[in-house]
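Shown next, in structure tokens, is the structure this report addresses.
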Amino acid sequence: MPKQKTHKGIRKRFKLTATGKVKHRKASRGHKLAKKGGKRNRQARADRMVEGKQIAMIRYALQPSP
């Protein structure tokens, strides 16, 4: 029987906190930052938490093999 593997794409983009929340990096921080406003850039620095029904899907994909 094959083992359940961690989804590598999700592993690169999301991280579980100690309390079980799912943390991710905000979009629009890769390039072309000069044309975006300072307020927009500052607000995009902080990590965000995933909300809603996607949490269960991401946690399942991040699980190591049982």
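Modelled label positions at Met1 and Arg45, each set 7 Å beyond Cα in the direction of Cβ, lie 4.9 nm from each other. Panel note: the C-alpha atoms of region 8-62, placed on their principal axes, show extents of 38, 21, 19 Å (largest first).
Each value in this text was obtained by applying a stated rule to the coordinates, not by laboratory testing. Since the model is a prediction, treat every value here as computed from it, not as a measurement. Methodologically, a virtual Cβ is constructed for each residue, glycine included, from the backbone with ideal geometry; neighbour enumeration extends over all protein chains shown.
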